[in-house]
Every structure is written in C-alpha cells, then in structure tokens.
Amino acid sequence: MLKPERIIELARQGFAVPAHERIVLANGMTLVVVPRRDVPLVAFQLLLRGGALGDPPGLAGVASLTAGLLDKGAGERDAAAFAESIEGAGGSFSAQAGPESISISGQFLAQDQPRMLELLADALLAPRFAAAEFSRQRLRHVGHIRSLKDSDPSELLPQYGRAVLFGRHPYGQPAGGSEDSLQAITPRDVIEYHRAHIGADRAVLVVAGDLDVAWLKTAVEQRFASWRPAGAPLPQLDPTVKLRRRRVLLVDAPGSAQSYFWLGATGLDRCYRRRAALELVNSLFGGRFTSLLNTELRIRTGLSYGAGSGFTRGRVAGEFAIRSFAETQQTARAIDLTLRTLSRLKREGVTAAMLDSARAYVVGQYPLNLETAADWAAQLAELELYGLNPGYIEGFGPALRKVTLADAQQVIEEAFPSGRQLALVVIGDAARLGARLERYGPVQQIALGAGSFTQH
Amino acid sequence: MNRPGSPLLPRRLSVPAAPGPALAAGHAAVRSLLLDNGLKVIVWTDHSIPSVALHNWVRVGSRNEAPGLTGLAHFFEHMMFNGTARHGAGEFDRLMEAQGGSNNAFTCDDVTVYQDWFPRGALDLVFELEADRIQGLSLAPELIESERGVVYSERLLRVDDNNQGYLSEQVQRAAFIAHPYRFPTIGLPDDIRGWTVQDLRQFYRTFYAPNNQTMVLVGDVSHAEAFALARRYLGGLPRQPDPPRVLVCEPEQLGERRVMVRRPAQMALLQYAYKAPAANDPLAPALNLLLTALVDGNASRLHRLLVEQRMVAQEVTADWHQGFDPSLCWFCFTLAEGIDPHAARDLIDAQLAGIAADGLTDADLHRARNLNAAGFWKQLSTIDGKAHLLGEYEALRGGWRNLFAAPVRHAAVTRQEICAAARLLLNPRRRTVGMLVPEAPRC
C-alpha cells in the first residue's frame with residue numbers, strides 16, 4: 001500500500017492549481033489566463049452556458065448544429081478560408097454542444113495567438129450560417145449517428161438510456177440530436193439559437209500556455225469588446241423525477257454478435273458534497289481494472305472484454321450508469337451478474353483495505369489527468385461553468401485523504417441505486433435474445449435503424 | 001475501463017517542422033543504458049508532475065505468428081497480467097493500483113508494448129512487477145480459458161460488430177499473399193479457440209528475452225535511480241538466443257486487388273490499402289507530410305473535396321502502418337448516405353491520380369508542416385507522449401536519438417520529395433480496394 005506520507009505529499013503536489021488570473025470583462029464575459037511554458041503552444045477552452053438546454057421542444061440538435069457551423073464561414077472568411085487559416089498555422093479548432101453548454105476548444109502555436117483570438121471572435125460574433133453549409137452540416141450530423149450504428153453502436157447507449165431515464169426533461173434529449181429531430185431543423189432555428197443563447201454573459205474563456213498575460217488580457221478585451229449579451233435568459237431546469245419501477249428498452253440490431261448493455265439511474269448533481277467518497281467507491285465498484293464489476297464480468301468469468309461504471313453530474317441531477325457487453329447467448333448471464341454485483345455492494349459495502357487502495361489509486365492517477373495546458377484550460381473552464389472555484393480541485397486531495405468507511409457507506413446508500421430503480425438498455429439481436437429480457441421488467445422495443453432514440 | 005489490445009489499423013506519427021529550445025533541452029535530459037543481457041533502458045527525467053510513465057517495448061507482434069496461431073502475440077499480452085510463480089492471478093493489478101498506479105498494453109503487427117503510469121513512490125514495486133512477469137509467468141490453464149473468452153469478446157466488438165473493422169480485416173488478408181502482415185492481430189476465431197499452453201510457453205521462451213525488449217521511463221525519476229533499479233531487477237535475467245528473424249518478403253504486387261463485402265449497414269465504406277515502405281525508409285518524412293496534407297483537418301485535400309465540396313463522404317482517414325517491413329498505407333472513406341461506392345471510387349481515383357502526377361501545392365506543404373509540428377509538440381507535452389515517441393524511435397526508427405533529429409529532417413522536405421513519395425505510394429497496381437455495400441438488415 002502507498003504509505004500515508006506519500007499520499008499526503010501527492011495530494012499536495014498533484015492537486016496544485018497553477019497560478020492564473022481571472023477577470024470579468026465589461027461585457028460580462030469571464031476570462032481566465034494561465035501562463036505555462038513547457039512547449040510553444042497555447043490552448044483555449046471557451047464554454048457557453050446553455051448548450052442543448054436551449055434546443056426548442058422537438059428540435060434536439062439545434063445547439064449542436066449551431067456549434068458545428070460556427071467555423072463554417074465567419075467574418076471575412078468562408079468555410080474553406082476559415083479552415084485554411086486555422087490549419088495553415090498548425091492550429092486546431094473544434095466546437096460541440098453538450099447537455100448544458102457549448103464547448104469550443106483549440107490549440108495554436110504560441111506565435112499565432114493574434115490569429116487564434118481573431119478566429120475565435122469571428123466564429124462567435126460573426127458566423128455566416130450559409131444555407132449550403134447548413135445542409136452539409138446537417139447531413140454530416142445525421143451521417144455521424146448512422147455510422148456509429150454501423151461500426152460502434154455501444155457509443156449510442158447513453159442517448160437511449162437518458163431518454164428512458166429522463167423522458168421529456170431536457171436531460172432526456174440527445175444533445176447531438178437524433179436522425180429525425182435533425183431533419184426537422186431549419187437554418188432559421190440555428191440563427192435564432194445564436195441570437196438567443198450565444199452571448200458574452202454566457203461565456204467563460206480560459207487561455208493556457210506559452211503566453212504573455214498582460215498582452216492576452218488586452219487582446220481579448222479588444223477582440224470581444226462589441227460582444228453583446230445573449231438575447232434570451234439562461235434556460236432554467238426543473239428537477240428530475242426518479243423512475244418508480246424498472247424499465248427495459250431493447251434496441252434491435254439484427255445480426256449483432258454481442259449485446260451491448262447500459263444500466264442507469266437518476267443520480268447526483270455537480271454540487272454533491274461527498275464527491276471524494278463517491279469517487280473512491282465508484283473506483284472500487286466500476287472505475288478501475290480490479291473493480292468489482294470488471295472482476296466479475298471480465299477477470300473471473302471471461303464473459304466480456306470489459307465492464308465499468310460512472311457518475312455524470314449536471315446542474316440539477318445526473319446519471320449513474322454501468323456499461324458492458326457479452327455474446328448474445330450470454331446476455332442474461334452478464335446482466336444478472338451485474339445486478340448481483342450491485343446488490344453485493346449495497347449489502348456488504350467496502351472494507352478498510354479496499355478504501356485505502358482506492359484512495360492511493362485516485363490520488364496517484366489524478367496528476368496524469370491535469371498535465372498539459374489544454375487539460376488545465378478545460379478543467380478551469382468547467383469550474384467556472386458550475387460556479388466552483390479552484391478550491392474544488394485543491395480541496396479534493398485532502399478530502400480524499402479524510403474519507404472514512406462511514407462516508408463510503410453513506411455514499412453507497414444514497415448514491416448507488418437499488419436494482420429496482422434502474423433503466424436497462426440493450427442493443428442486440430432481438431430475434432436471438434427472444435424473451436430473455438422480460439424478467440427484468442416491461443420491455444419496449446425499437447429498431448436500431450429507427451430515426452429516434454425513443455418510441456415517442 | 002478496458003485494456004484494449006488495439007489490433008486496429010495502426011497509427012501514424014506526427015513530426016515537427018521546426019526545432020525549438022525545448023527539444024534541445026529534452027535531448028540533454030535523456031540517457032540510455034544497455035545492460036549486459038541486452039536489455040536497453042531509456043530515461044527522460046521530467047519533474048513537471050510527480051508521476052512516471054514506464055513503457056516496455058517487446059519486439060514481437062502478429063508479424064511473428066504462423067497460420068493456425070494467429071492472434072497469439074495479442075493473447076499473450078493479455079496473459080502477462082494473469083499471475084506468476086511469485087504473484088498469484090490478479091496480484092499485478094491489485095498491487096499496482098494499491099500504490100496509485102494504472103496500466104495498459106497494446107499489440108500490433110510489429111511490437112507489443114506494456115505501459116504503467118504511477119506516482120514516483122511506486123517505482124520500486126513497478127520494477128519488481130515488470131521483472132517478475134518477464135521471467136516467471138504461470139500460464140495457468142483455467143486463466144487461459146477465461147482469457148480466451150475476453151479476447152473473443154474483444155474480437156466480436158472490433159470485427160464482427162464493426163463494419164470498418166470487418167472490411168479492413170478482409171482487405172488486409174487480400175493485400176498480402178506471403179508476408180505475415182496478412183494476419184489480423186486480434187486472431188482468427190478458430191485460432192483464438194485453439195491455442196494451447198504449450199504454444200504460449202514456446203512463445204514466451206522465444207520472444208520475451210531481455211535482449212528483445214526496451215524499457216522507457218519518463219517522468220519524476222533521475223537517470224541514476226532508474227538505472228540502479230534496472231540493474232537490480234533486470235540485470236540478472238539471462239541473455240537468450242535472438243528470436244528467429246522474419247525472412248518472408250512479400251512479392252511485388254502487379255495489379256489491383258478487390259474485395260467486396262455485403263453486410264447490413266446504413267453507410268457504404270471504401271478502403272484503399274496501398275503497399276507502403278517500412279518505418280525507417282528515407283521517404284518517411286515526405287510520406288508523413290503527404291498524408292497530413294491529404295486528410296488531416298477540414299482544409300486537407302481529400303476532406304475538402306469529398307466531404308465539403310462534393311459531399312460524397314462522411315469521413316476520410318489515412319493510416320500508414322509503419323513497421324519493420326514494408327506494409328500498407330490505408331485510406332478509409334465512410335461514404336455519405338445514398339452515394340454509389342463505384343462513383344465515389346472514380347472521383348477519388350481521379351483526385352489521387354492528379355496528386356501522384358503533380359504533387360502538392362506550396363500551401364498544402366506549409367499547412368502539413370505546421371500541423372505536424374503542432375502535433376509533435378502536443379505529444380511531447382505529456383510524459384506518456386514522450387515515452388511513446390522514445391520507444392517508437394528506438395524500436396522502429398533506428399534509435400531514440402533520431403527523435404531529436406526529426407524536426408530538421410521534416411523541415412527539409414521539399415515539394416519534389418513529396419511528389420516522389422506520392423508517385424511511389426499512389427500506384428493503383430500496388431493497392432487493394434475494399435468495398436462494403438449496404439444490405440437491408442434481415443428481419
């Protein structure tokens with residue numbers, strides 16, 4: 001076991017937030033600057049509050065299409081010139097919508113910071129939204145879903161799962177849209193989304209890397225001086241409702257050799273207080289190679305290449321989800337084993353030795369995820385998005401050190417669902433699965449080829 | 001969550017266009033030690049985070065397999081985590097995690113690489129565990145059986161339930177008639193079911209010799225400390241006869257080969273696999289820049305034409321498999337809905353013929369150089385990226401020192417060299433074309 005003094009030392013070194021400056025500009029935009037000179041690169045992360053929460057009812061994917069179009073022609077440049085301007089400088093630039101924010105990130109050689117800011121400002125303040133680009137982008141978003149169905153269907157499990165768990169709540173809508181909802185979107189929807197939900201008051205920009213703080217602050221102020229607030233207020237979220245009984249969705253994929261399954265429950269929000277204990281217990285249950293789940297489904301039985309679990313925590317709620325897969329004929333055996341393993345955690349809890357091992361693991365791995373300027377840009381922007389401060393990271397090391405068995409037990413009781421509260425999604429060959437899923441609850445069936453993630 | 005065996009299409013390297021001060025500093029921070037038994041240890045000290053990345057490169061992959069035993073190198077990689085005489089099954093992971101470490105491994109055609117990421121306090125343990133499993137592996141029969149199931153599941157995930165993976169396996173098998181590069185790294189289904197403990201023991205004895213391995217450490221560790229640990233834990237391993245060399249030469253391909261697959265699908269796929277030179281070929285920098293100019297980013301030539309202008313493709317990627325022997329350079333196209341793959345092929349072929357004839361523009365070359373430079377710096381910004389690059393240069397590119405010469409080599413590439421590389425590579429007589437045509441799912 002890692003010695004306690006090593007854990008203390010790591011908890012200090014590995015969780016130290018680099019020196020940075022935070023200012024709020026006159027237009028309401030938050031800017032965080034992190035100087036860091038290991039390699040001659042500068043990374044940025046810009047988050048816009050709102051994201052898919054701003055999608056009109058029935059039009060999931062508007063935020064996603066809008067994000068995808070920001071660099072397809074803006075300011076003086078059409079789409080081709082914009083791309084040439086980024087890549088000619090060796091830069092990168094990508095934008096996508098998530099459930100609660102739009103994320104734009106990129107990286108440029110340090111010498112190209114003026115160009116980086118010019119392109120970012122143009123994309124946000126002066127996107128062209130040309131009709132031809134809109135059609136192309138929509139076609140590609142639909143194509144992306146379809147190619148996942150052909151070559152990596154398990155990637156779509158969360159979309160199906162959230163629709164079952166959250167229903168018509170915004171958390172139940174696919175942030176990237178569905179094939180059907182994307183087809184219903186018009187260019188006007190995108191222009192309206194940009195007017196209503198993209199504005200300085202929604203934005204946090206973090207720039208990290210080989211930069212001059214004073215120059216950067218002035219340059220950002222100048223570039224974004226004319227950026228106005230978003231035209232609409234930030235969409236509010238109602239509380240979510242928990243499932244009252246288990247539900248099963250079978251997504252029929254004829255000919256599939258394996259069944260890919262997802263077991264999920266409504267979970268905790270971003271401000272959950274016992275997050276250190278949560279991280280340790282999840283690491284033991286499904287968050288690392290020797291976890292209970294992976295031990296049962298992979299190591300002990302050889303049923304699957306892997307099994308894991310995790311919490312996604314949003315503003316008002318989140319989800320707990322387990323994912324794994326097994327050959328079609330072994331589907332029920334794998335799901336049974338998963339449910340038994342969850343029951344065992346609820347019934348038996350964890351031991352002190354397990355908790356110490358998880359503590360060493362989480363503390364030991366933490367620095368590897370916050371290594372580069374881009375890592376820090378993403379991390380600090382996310383803190384701003386949820387109204388958290390750097391103490392959220394710096395306090396995490398000491399908090400991990402202090403987690404007791406009683407804390408772990410409390411988390412197991414309140415954060416891990418009972419088997420009854422779960423939604424089950426299986427992507428697999430319905431003809432070969434037959435009636436095997438019926439014992440888990442009332443089964444609804446949808447074709448993998450259908451244009452929506454839900455029957456409604 | 002997973003330990004991917006990564007028998008997917010191989011990666012391509014990023015390379016820099018311009019040297020910088022950090023590279024020179026990097027050069028000074030790297031030292032290597034050759035133990036008497038032939039095992040080489042390379043160390044790059046970097047104190048930016050309190051962690052260490054250790055990669056152990058073993059020069060064995062599916063290239064060293066034989067018919068009936070395909071997939072053995074990858075399966076063996078899985079067994080390396082399943083217990084030794086000293087540490088029972090599962091101990092490797094349990095001990096490492098309890099000291100804050102994690103690990104993974106991948107196998108490809110040419111090499112098998114074991115990776116550990118851990119806080120510096122776990123250095124001693126990690127050396128002990130690595131030394132232990134390269135000399136005392138148990139290969140217990142019941143663990144072989146359960147691991148067979150794991151690898152079979154991995155095969156179903158990556159090949160049977162993945163149209164891209166399914167087609168590329170077929171194309172790869174058609175592209176070679178003699179060389180073992182035709183074997184899928186994951187292994188054919190009957191071979192996965194068939195190998196025995198004797199096969200594994202023989203494989204272990206033959207290929208896991210200290211003189212067939214290179215260990216790379218990057219991070220919060222001094223050269224002296226790493227070398228002392230290496231001498232202590234690895235110095236006593238006996239040198240063994242060198243593994244048998246792969247002598248098979250693939251005969252020159254004299255005409256295009258075609259593979260047609262019909263499967264339930266929504267999108268048609270096209271794959272081109274061109275015969276391409278080995279990793280250490282003098283044309284490597286020019287080929288890297290050529291591929292970047294063709295497919296990396298929205299401004300790249302093929303992306304702009306096929307995805308943006310003509311809307312025939314959803315996605316375009318390229319992967320030059322850079323191995324010990326000449327292998328393949330892949331172009332993979334996911335076609336847009338309703339596009340006839342034959343028509344798409346004609347359009348792509350006309351474009352590639354133009355590039356083979358005329359090469360690239362100055363703007364293409366400029367973009368490719370800068371994208372490669374940025375990619376190189378990005379990879380050098382993590383201890384894991386540094387460890388990977390050092391290992392790759394040592395194993396495949398004539399030595400780790402060449403990593404630091406790469407910026408100059410790439411900055412010197414001219415349009416004429418790129419034109420020569422394009423003419424060599426984009427020769428339709430030396431390619432295999434795979435086409436996956438969608439079929440309605442059976443109901």
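Since every read-out is calculated from the coordinates, none of them should be taken as a lab result. Quantities reported herein were computed from a predicted structural model and do not represent experimental measurements. Cβ: placed from backbone, ideal geometry, glycine included. Neighbour counts: every protein chain shown.
Charge dipole (Cα centre; +1 on Lys/Arg Cβ, -1 on Asp/Glu Cβ; no other charges) of chain A amounts to roughly 1660 debye.
Residue by residue through B:88-95, how many Cβ atoms from other chains fall within 10 Å of the Cβ on average? Before the final figure, lay out the partial values.
On the way: counts 0, 2, 5, 1, 2, 6, 4, 3.
Across the residues of B:88-95, the mean count of other-chain Cβ atoms within 10 Å is 3.
The B:Thr414 and B:Ala440 beta-carbon pair, evaluated with R₀ = 45 Å, returns a calculated FRET efficiency of approximately 0.35. For A:Lys3, give me every one of the lysines with a C-alpha distance below 20 angstrom, ignoring sequence neighbours fewer than eight places off in its own chain. Partners found: A:Lys402.
Counting helices only, and only those DSSP H runs with n ≥ 4, report the 222 nm mean residue ellipticity of chain B as the sum of -39,500 (n - 2.57) divided by its residues, in deg cm²/dmol to the nearest 500.
Result for chain B, helices only: -12500 deg cm²/dmol.
Binning at 20 angstrom from zero up to the longest distance, how are the C-alpha pair distances of chain A distributed in percent? The distribution over chain A is 23, 53, 24, 0, given as percents. Compute the separation of the alpha-carbon centres of the stretch A:233-265 and the stretch B:291-348 and state it in Å as a whole number. For the stretch A:233-265 versus the stretch B:291-348, the Cα centre distance is 35 Å.
Counting Lys and Arg as +1 and Asp and Glu as -1, each charge on the Cβ, what is the dipole of chain B about the Cα centre in debye, to the nearest 20?
On the way: 45 positive and 48 negative charges, 170 e Å.
The dipole of chain B has a size of about 820 debye.
Would you list which aspartates and glutamates come within 12 Å of A:Lys72, measuring only between C-alpha atoms, while excluding same-chain residues fewer than 8 positions from it? Qualifying aspartates and glutamates at Cα under 12 Å: A:Glu84, A:Asp122, A:Glu133, B:Glu308.
Using the rule -39500 (n - 2.57) for each DSSP H run of four or more residues, divided by the residues of chain A, the 222 nm mean residue ellipticity is -11500 deg cm²/dmol. Couplings 3J(HN,Hα) of the stretch A:137-147, computed from phi: 5, 5, 4, 6, 5, 5, x, 5, 4, 5, 6 Hz, in residue order, whole Hz [Karplus 6.51 cos²θ - 1.76 cosθ + 1.60, θ = phi - 60°; x for Gly and Pro].
All other residues with a Cβ under 15 Å from the Cβ of A:Gln236 taken together, and with Lys, Arg as +1 and Asp, Glu as -1, what is their net charge? List each step's numbers first, then the result.
Details: positive: A:Arg49, A:Arg202, A:Arg315; negative: A:Asp55, A:Glu100, A:Asp238, A:Asp269.
Residues close to A:Gln236 contribute a combined charge of -1.
Amide H to amide H, with H built 1.01 Å from N, B:Asp109 comes under 5 Å of B:Ser62, counting only residues 5 or more places away or on other chains. Around the amide H of A:Ala74, modelled in the peptide plane, lie the amide H atoms of A:Arg128, all under 5 Å away and 5 or more residues distant in sequence or on another chain. Set the Cα radius of gyration of the stretch B:257-439 against 2.2 N^0.38 Å, with N its number of residues, and you get 1.07. Note on the stretch A:153-267: with charges restricted to the Cβ of Lys and Arg (+1) and Asp and Glu (-1), its dipole about the Cα centre is near 600 debye.
Given a Förster distance of 30 angstrom, what is the FRET efficiency for A:Ala435 paired with A:Arg340, based on the Cβ-Cβ distance and rounded to 0.05?
Values: r = 21 Å, r/R0 = 0.70.
Computed FRET efficiency for A:Ala435 and A:Arg340: 0.90.
Looking at the protein assembly as shown alone, DSSP beta bridges between its own residues are antiparallel in about 75 percent of cases.
Per-residue Karplus couplings for the stretch A:290-297, computed as 6.51 cos²θ - 1.76 cosθ + 1.60 with θ equal to phi - 60°, are listed in order as 8, 4, 4, 5, 5, 4, 6, 7 Hz, Gly and Pro entered as x.
Restricting to chain A, what percent of DSSP beta bridges are antiparallel, rounded to 5? Numbers along the way, then the final one.
Working: 50 of 67 bridges.
So the antiparallel bridges amount to about 75 percent of the total.
Separation of the stretch B:147-195 and the stretch B:84-116, taken as the distance between their Cα centroids, equals 24 angstrom.
Look at the dipole of the protein assembly as shown built from charges on Cβ: of B:Leu200, A:Ala203, A:Leu355, the Cα furthest out on the positive end belongs to A:Leu355. Since only B:Ile49, B:Ser153, B:Gln135 are under comparison, the one whose Cα sits farthest along the positive direction of the charge dipole of the stretch B:21-234, derived from C-beta charges on Lys, Arg, Asp and Glu, is B:Gln135. Placing a pseudo-label 7 Å from each Cα along the Cα-to-Cβ vector at B:Glu128 and A:Arg347 gives an inter-label distance of 3.6 nm.
Candidates A:Leu292, A:Gly167, A:Ile7 compared by Cα position along the dipole of chain A: farthest toward the positive end lies A:Leu292, with charges placed on Cβ. Amide H contacts for A:Ala447 (H built 1.01 Å from N in the peptide plane; partners 5 or more residues away or on another chain; cut-off under 5 Å): A:Asp252.
The string of couplings for the stretch B:256-264 from the Karplus curve (6.51, -1.76, 1.60, θ = phi - 60°) is 4, 10, 10, 10, 10, 10, 10, 8, x Hz, one whole number per residue in order, with x for Gly and Pro.
Of the residues A:Ile322, B:Ile339, A:Ile191, the one with the fewest other Cβ atoms within 10 Å heads the list, and the complete ranking is A:Ile191, B:Ile339, A:Ile322. Divide the volume of the convex hull around the Cα atoms of the protein assembly as shown by the residue count and you get 149 Å³ per residue.
Can you give the local net charge around A:Leu211? Use residues other than it whose beta-carbon is closer than 14 angstrom to its beta-carbon, Lys and Arg +1, Asp and Glu -1.
Values: positive: A:Arg36, A:Arg37, A:Arg115, A:Lys217; negative: A:Glu21, A:Asp38, A:Asp112, A:Asp210, A:Asp212.
Neighbour charge sum, excluding A:Leu211 itself: -1.
Once each part is reduced to its C-alpha centroid, what is the distance from the stretch A:75-134 to the stretch B:371-400 in angstrom? The two parts, judged by their Cα centres, are 28 Å apart.
Cross-link partners for B:Lys40 among the lysines, with Cα-Cα distance under 21 Å and sequence neighbours closer than 8 places in the same chain left out: B:Lys386. Annotation: the antiparallel percentage among DSSP beta bridges lying fully within chain B is about 75. Relative contact order of chain B: 25 percent, from C-alpha pairs under 8 Å at least 6 residues apart in sequence. A simple spin-label model places the labels of A:Ala332 and B:Thr196 3.7 nm from each other, with each point 7 Å out along Cα-to-Cβ.
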